[in-house]
Amino acid sequence: MESPTGYMTILLRIFALVLIISGAALLFERMAYAYADPGTGLLAVQAAGSALVATGWYLRRKIYSLFRQSTAKDEPEKLLDEGSVEDSRHP
Amino acid sequence: MSAPLEHPDLELSLPVGNHDPQLTFRDPAGQLRLTARCALRRIHPAAEKATLEFLASPLRASLEKSGDLIPSKIANAAEHACIAPGELWLEHPRVEPISYPWEWTAPQWRAAAELTLRIASEAISSGWTLKDATPLNVLFAGARPVLVDVLSFERRDPCSTVWLAYGQFVRTFLLPLVARKHLSWPLQGTLFVRDGYEPDLIYKALGPWKRFNPDLLDVVTLAALLGRPGKTGRGSQKHLSASNPELAAHILQKRIARLGKQIRGTEKGQNRSEWSEYTQSAAHYQAADARDKQKFVRNALQLHRPSRVLDIGANTGTYSLMAAEADAEVVALDADETALEALWTVASRREEPITTLVANIARPTPAAGWKNLEHLSLLDRLSGRFDMVLMLAVVHHLILREQLPLAHIAELCALLTRRWLLLEWVPPSDPMFQEWLRGRDDLYGHLTEEDLQTAFAPFFTAVDRNELANGRVLFLFARIPNDQSAADPAENEGVEASST
């Protein structure tokens, strides 16, 4: 029987794993050459944090681009409307 | 800043204490040596190109202009005997006194941490990064933190999403503050750890619920769990990069912002200590007595215009601020961190030239680091550096609580001041003396003002005396010049170990 702390620990590990896997789709690995000791756990925390922020960044961009597309679709109609006004001035 | 040496060649031959200092030796890019006039930094050949590139960068100009980074210039070989032809050396001004993180108050730690994060953020925006991030790279010029290690900067891989100094920042800045807040570990304990606290150490010490505190979840709990042996293999040598430099910079800035939030989250509520409200609650002082005392001190400061003052037992800084008003650079020393926090907060806000050090003059900070030569002891840093030393209502603490003989106290004062000593004598009839006497009347109850004068006579001459209505006596002593000038610590302002 796991204690509440044990369950939380397992959940946290799963959470970190999911973050790293999802982040790997957006980020790739390179060798690190450090002067100060980067720490193993703290380096993994950075990787998880990077994945989280990167996921948000891409999602936000995707959402913005959706809005931009719909705005771009609206614009030709708007121009056409303006054009028709011009046309009515110069029949 | 110290007076310049008349003979620059002396800078290599003057010892400190009984040992030659071990200057910085960990950074492969360079080494530091300190002289009385300046700090000299040798740049190793492999790092010369990168250093010169940083010196020419707008980032360096911007940081120096804001006062966040110590100014640098290429050292002139003709002025320093230690520079061999073809070597690159940088020259920086001295920041006095050297203060170590284990002598800072918690707000000073936070100010140093925020300075480091501010510089890291600006560096990232400019295509640079900090390769290390430790409080030992920061000194306090007055109440203001300054980054003193110009070799901390290196070019950033535009696609890297990892700040390699993040781990060091967490271990050396954040976790000591976390341990102080959540575990009541004193910051002074960092004297014994070179590279801060490992997350696993804090994780084990925290209770199960505190491990899930949102501010500690990543830097303590996740870091401890993911950092255990066997959890990471070769992967620990690799880090993630983004294909998009804009995304990489965004990730790094987010990380810096989170660290800033976590540092600010280590603030505790208003603290009180045994001495933090002493000035307001000192019942043994009538208003007239306090006025007379302040008048005596102010007159001495105005008359003798000391350029450097050491205030021992500074408490919340009434007399340190008075000395700063008289244009002195002040070092305020007290063992009570809470009282000194109040002084640093005022000095920082008013940009006063007051450096606060949490230390007990009766048990001064020892030398530390590799072979005990990396970090100087408190007395090595303070001896013979001051034109005036204030010891106001301190001597009875040293006698009764530290059980020090008067002759030893006089000797210490003579070691610290070059010229003046302003001392308050608290007689055995005083309520504060009686409170700590605790049945030791035979040992201390007989002490008189004459005993004080006799003990101080080998080193000092009393030039002014003022007895207050409450029976306390203020003395202004002048130090008798030491004929043995070779042994005079004031003359031994040579090479010193550095904090970086």
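Taking packing as the residue-averaged number of other Cβ atoms within 10 angstrom, the listed peptides B:357-363, A:47-53, B:403-409 run from highest to lowest as A:47-53, B:357-363, B:403-409. Dimensions of region B:353-448 along the principal axes, based on C-alpha atoms and rounded to the nearest Å, stand at 45, 29, 24, largest first. Computed over region B:22-95, the convex hull of the alpha-carbon atoms projects to a mean area of 5.4 nm².
Can you tell me what percent of all Cα-Cα pairs in chain B are more than 40 Å apart?
Details: 35049 of 124750 pairs.
Result for the distance tail: 28 percent.
Selection among B:Ile480, B:Tyr100, B:Leu69 by position relative to the dipole of chain B gives B:Leu69 as farthest towards the positive end (Cβ unit charges, Cα centre).
Which whole-number percentage describes the relative contact order of chain B, with Cα contacts under 8 Å and a sequence gap of 6 or more? All intermediate terms of the calculation are to be shown ahead of the outcome.
Working: 857 pairs, mean separation 85.1, N = 500.
Contact order relative to length: 17 percent.
Taking a point 7 Å from the Cα of B:Asp200 along the Cα-to-Cβ direction, none of the residues of region B:142-177 has its backbone N closer than 12 Å to it.
With the cut-off at 1.5 for a/c, could you classify region B:152-236 from its C-alpha gyration tensor as rounded, prolate or oblate?
Details: a/c = 1.95, a/b = 1.35, b/c = 1.44.
It comes out oblate by the Cα gyration axes.
Shown is the FRET efficiency for B:Glu325 and B:Lys73, computed with R0 = 30 Å from the Cβ-Cβ distance and rounded to the nearest 0.05: 0.40.
Remark: relative contact order (region B:100-234) = 22 percent; criterion is Cα-Cα distance under 8 angstrom and separation of 6 or more residues. In this simple spin-label model, placing a label point 7 Å from the Cα along the Cα-to-Cβ direction at both B:Glu64 and A:Leu11 gives a separation of 5.4 nm. Summed over qualifying helices (DSSP H, 4 residues or more, each -39500 (n - 2.57)) and divided by its residue number, chain B shows a 222 nm mean residue ellipticity of -9500 deg cm²/dmol. Say each of B:Ala56 and B:Phe25 gets a label point 7 Å from the Cα, pointing the same way as Cα to Cβ; how far apart are those two points in nm? So the label points at B:Ala56 and B:Phe25 sit 3.4 nm apart. Taken about its Cα centre, region B:17-150 carries a charge dipole of about 100 debye when Lys and Arg each add +1 at the Cβ and Asp and Glu each add -1 at the Cβ.
For the pairs B:Lys49/B:Lys73; B:Lys73/B:Lys131; B:Lys49/B:Lys131; B:Lys131/B:Lys181; B:Lys131/B:Lys204, note any where the Cα-Cα span goes beyond 18 Å.
Table pairs above 18 Å Cα-Cα are B:Lys73/B:Lys131; B:Lys131/B:Lys181; B:Lys131/B:Lys204.
In percent, how large is the relative contact order of region B:388-430, given Cα pairs closer than 8 Å and 6 or more residues apart?
64
What does the extension gain come out to for B:Glu467 and B:Glu246, with contour length at 0.36 nm per residue minus their alpha carbon separation? Provide the component values of the computation, followed by the final result.
Details: separation 221, 0.36 × 221 = 79.56 nm, distance 7.02 nm.
Between B:Glu467 and B:Glu246, full extension yields an extra 72.5 nm.
In this rough spin-label picture, where each label sits 7 Å from Cα along the Cβ direction, the B:Tyr444-B:Lys49 distance is 6.6 nm.
The three principal axes of the C-alpha atoms in region B:97-159 carry coordinate ranges of 38, 19, 17 Å, sorted with the longest axis first.
Dimensions of region B:80-123 from C-alpha coordinates, computed as largest minus smallest value along each principal axis and given longest first, are 44, 27, 14 Å.
None of the figures in this text is laboratory data; all of them are computed from the coordinates on show. Fair warning: this is a prediction, and the values are worked out from it, not measured in the lab. We place every Cβ from the backbone using ideal geometry, glycine too, and count neighbours over all the protein chains shown.
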